[in-house]
Amino acid sequence: MLELLWLVPLAPLGGFLILAVARARLGRRAVATVGVGSAGVALAAAGAVAAGFFALPAAGRVYEQNLGTWISAGDLAARFVLHLDALALVMMAVVTLVGFLILLYSAESMAGDEGYARFFCYMNLFVASMLVLVLAGDLLLLYLGWEGVGLCSYLLIGFWYREPANARAAKKAFIVTRVGDAALLVGLLVLFTQMGTSDIGGLLARAAERWPTGSSVATLAALLLLAGAVGKSAQLPLQVWLPDAMAGPTPVSALIHAATMVTAGVYLLSRMHGLFALAPAAATVTAVIGAATLLLAGTSALVQRDLKRVLAYSTMSQVGYMFVALGVGAWGAAIFHFVTHAVFKSLLFLAAGAVIAALGEEHDLFKMGGLRQRLPLVFWTFLAGAASLAALPLVTAGFYSKEEILAAAWAGPAGGRWLWAAGAVGAAVTALYTGRMVFLVFFGTAKREPSQQPGWAMATVLVILAALSVSGWWLDPRWLLGGTEIAATLPVRLAGTAAALAGIVLAWYFYLRRPALAARVAQSRAGAALGRWWIGGWGFDWLYNFIFVRPYVWLTQLGRDELLDGPFRTLGRTLDLAHAGMSWTVTGRVRWYAAALAAGAIAAIAVAVWR
Amino acid sequence: MNSVSPESGLVVAAVLFALGLGGVLARRNMLFVLMSIEIMLNAAALAMITAGARHHAADGQVMFMFILATAAAEVAVGLAIVLLIYRRRRTLDVDEAREMRG
């Protein structure tokens, strides 16, 4: 069954090609069949491949499938090679499953949109790119998938391109991630030139042989890869694009946040974790970035009014946890959290999409309320996702993965007390903003009547994802991945759990029991100032606007108006002036011409005589 | 034969030419402008003859014949133009004919 591996990325790619070529001739039903069906084929193929994978002997489970040579130039031989190991298997399973569910959901939720076929076309390409990225056995092929993901995010964030704001958000996402992509490309070239191969397995083996731990080349390469991952995964300092990426349709947000794009950075770092083991400094930077981002994003999520922006900041914060885990060397825990996050975050986005659609495209949290009885299915599924996000102990999947990361931050190979403290505070903040979201949307007094209930496709998807969110620990992929066991003492684990519980209780007290108190805190002078600071994501947009965007625009204006056009405009103006002077002498009076002729002749003779 | 000195001949030519030029610049009537041009041509011809006499060569008189022919042609063309302009605009004022200004 392993031979079917090629079908996994190629099925969505085929769906993309069909839709791209024939989308004007296909009816809506056919479009949905192709768009969802291709992801379904990929899911089925992934299932078959997984069955074949488990049939392999337990030691050294790796399968490679070579689909031909891509570039062969001198020492460099990049192949279309698919590499399946435990990590790729976990990623493939999540991407195909969540991708399929999101596409199924959008078949219903996007039904009224005029760009129906275009939407599925891009979404299929998105899933295909992510699968190429995940399954690539060659760094160059991985980079192809990486760029494909970036392109699709641009196309889908700007899906409703008639709004200038959406087009701006798409451009912002593309340009900001491009900064990271450029660093990643440089990092890849460093690895190629140093190692002479682009095959990931061979490259990591050679790196471990040639580079001593902590060597400067290894650190440089690791830092460049980290910069790429930071851009894609929306971590400090390239995090500004993610909140604006909410401009796209809700299923797009779900896909970007859960299965594709944002998690690509986490995957890259896990894939290259051998390199980070050689560069402890780069690993420390990763952990610090993750800790800073999770706090920044968590506090920003506390004050957002837009439901989708709360979820966006929450994704940044959760990916920050994954970076902390990667930084302390517990990449297994990072992948565990990736799996649970993919499930509960897609669930939260899709449920939020149902709420927003039911309220007539209302995004403002404070204009919602009391939807518990009116949208019961959405409420219970959203609650399951929110509980998982807030790490409600014992029942939810998110609890186990977050606990593992906190334990790793405390006791892992490169852990530290400060990292743990940041994670624990972050857990409390996460629970607080999650509770705020749930209580504001579903409890309290109803401000608006929902106009529609989710149909069967949306409901099925929500129920499946909700069941996975509260399924507990069995999503843990670490028995497959291997890696070190983390032995954190019980008090540490209990403290982390207590932090999350405290957040939930605080949210209940503030937003349900005493809503007036929350309002008073928000309106006090310090509260209002903090709110203004946090709602813009700690002012990073303003800062980047000031440092980069304005000078750049100023420079382009300069280049356009003054520097280059200056000489040409002067030439033009001089000629204009000369022309005006000449035409002033052509008066049409013959006698003046004669006088000028005579004067000229006299002058010429005078020169000839007295020279 | 009592000969005239070349200097006095050239002075008369210069005076004639200046008179003609003055007429061209000052007169607005086209007929007078044409007559003034005729005077300037004759001044030039006189200068030629004087120069020929000074060098004892026939070239000056040959040039006079040429200038005579040129003057005749100029008057023929000039009068025709004047006639046409007068028919069109009922005036002989040179300053009126200035559509060719830039």
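What follows is calculated from the coordinates using simple rules that are stated; it is not laboratory data. Remember, predicted model here, so these are calculated numbers, not experimental data. Cβ: placed from backbone, ideal geometry, glycine included. Neighbour counts: every protein chain shown.
Taking the number of other C-beta atoms within 10 Å as the exposure measure, put A:315, A:197, A:556 in order starting with the fewest.
Numbers: A:315 27, A:197 19, A:556 10.
With the fewest neighbours first, A:315, A:197, A:556 line up as A:556, A:197, A:315.
Answer rounded, prolate or oblate for the stretch A:562-609, using the Cα gyration tensor with square roots of eigenvalues a ≥ b ≥ c: rounded when a/c is under 1.5, else prolate when a/b is larger than b/c, else oblate. It comes out oblate by the Cα gyration axes. Between the helical axis of A:525-535 and the longest alpha-carbon principal axis of chain A there is an angle of about 80 degrees. The distance linking the stretch B:20-65 with the stretch A:552-608 is 38 Å (Cα centroid to Cα centroid, whole angstrom). In plain terms, the residue of A:217, B:15 with the fewest other Cβ atoms within 10 Å comes first and the most crowded comes last, giving B:15, A:217.
Can you sort A:396, A:96, A:33, A:585 so the residue with the fewest Cβ neighbours within 10 Å comes first? Walk me through the intermediate numbers first.
Details: A:396 26, A:96 30, A:33 16, A:585 11.
Ascending Cβ contact count within 10 Å gives the list A:585, A:33, A:396, A:96.
Spin-label model, residue A:576 to residue A:66: label points 7 Å out along the Cα-to-beta-carbon direction sit 6.8 nm apart.
For the stretch B:6-92, the residue among B:19, B:86, B:55 whose Cα projects farthest onto the positive side of the dipole built from Cβ charges is B:86.
Determine, from the Cβ-Cβ distance of residue A:602 and residue A:568 and an R0 of 60 Å, the FRET efficiency 1/(1 + (r/R0)^6), rounded to the nearest 0.05. According to the calculation, E is roughly 0.90. To test your reading of the geometry: what angle, between 0 and 90 degrees and rounded to tens, separates the Cα axis of helix B:6-26 from the longest principal axis of chain B? Orientation of helix B:6-26: about 0 degrees from the principal axis. Across the stretch A:26-42, coupling constants 3J(HN,Hα) worked out from phi with the 6.51/-1.76/1.60 Karplus curve, θ = phi - 60°, read 8, x, 4, 4, 5, 4, 5, 4, 5, x, 7, x, 4, 5, x, 4, 4 Hz, and Gly and Pro carry x.
Once you charge only the Cβ atoms, +1 for Lys and Arg and -1 for Asp and Glu, what is the size of the charge dipole of chain B about its Cα centre, to the nearest 20 debye? Walk me through the numbers on the way to the answer.
On the way: 9 positive and 8 negative charges, 92 e Å.
Computed charge dipole of chain B: roughly 440 debye.
Net charge within 11 Å of residue A:240 by Cβ-Cβ distance, Lys/Arg positive one each and Asp/Glu negative one each, not counting residue A:240 itself?
Summing Lys and Arg as +1 and Asp and Glu as -1 gives -1.
A crude spin-label estimate for the pair residue A:543 and residue B:35, with each label 7 Å from Cα along the Cβ direction, gives 9.6 nm. You can think of it this way: the chain between residue A:44 and residue A:374 has 115.2 nm of extra reach, that is 0.36 nm per residue less the Cα-Cα gap.
List the relative contact order of the stretch B:6-92 as a percent without decimals, with contacts defined as Cα pairs under 8 Å and 6+ residues apart.
Contact order relative to length: 28 percent.
Placing unit charges on each Cβ (+1 for Lys and Arg, -1 for Asp and Glu) gives the protein assembly as shown a dipole about its Cα centre, and among B:34, A:26, A:494 the Cα reaching farthest toward its positive end belongs to B:34. The alpha carbon centroids of the stretch A:155-197 and the stretch A:65-83 are separated by 24 Å. Taken about its Cα centre, the stretch A:1-132 carries a charge dipole of roughly 360 debye when the Cβ of each Lys and Arg holds +1 and the Cβ of each Asp and Glu holds -1. Once R0 is set to 51 Å, what does the formula 1/(1 + (r/R0)^6) return for the Cβ-Cβ distance between residue A:521 and residue A:162, expressed as a FRET efficiency to the nearest 0.05? After rounding, the FRET efficiency stands at 0.80.
A straight chain from residue A:533 to residue A:587 at 0.36 nm per residue would run longer than the Cα-Cα distance by 12.3 nm. Could you check the spin-label model distance between residue A:189 and residue A:558? Points 7 Å from the Cα along Cα→Cβ, value in nm. Rounded to a tenth, the inter-label distance reads 2.7 nm.
For residue A:67, the amide hydrogen comes within under 5 Å of the amide hydrogens of A:80, A:81, A:82, counting only partners 5 or more places away or on other chains and with H modelled in the peptide plane.
Let me spell out the model: positive unit charges on the Cβ of Lys and Arg, negative unit charges on the Cβ of Asp and Glu, origin at the Cα centre of the stretch A:206-341. What dipole size does that give, in debye rounded to 20?
Working: 7 positive and 3 negative charges, 19 e Å.
With only Lys, Arg, Asp and Glu charged at Cβ, the dipole is about 100 debye.
The angle between the Cα long axis of helix A:376-389 and the longest principal axis of the Cα atoms of chain A comes to about 90 degrees, rounded to the nearest 10.
For residue A:490 and residue A:445, a Förster radius of 25 Å and the Cβ-Cβ distance give a FRET efficiency of 0.05, rounded to the nearest 0.05. For residue A:216 and residue A:178, the difference between the fully extended length at 0.36 nm per residue and the C-alpha to C-alpha distance is 11.2 nm.
Across chain A, the relative contact order, built from alpha-carbon pairs under 8 Å that are at least six residues apart, equals 11 percent.
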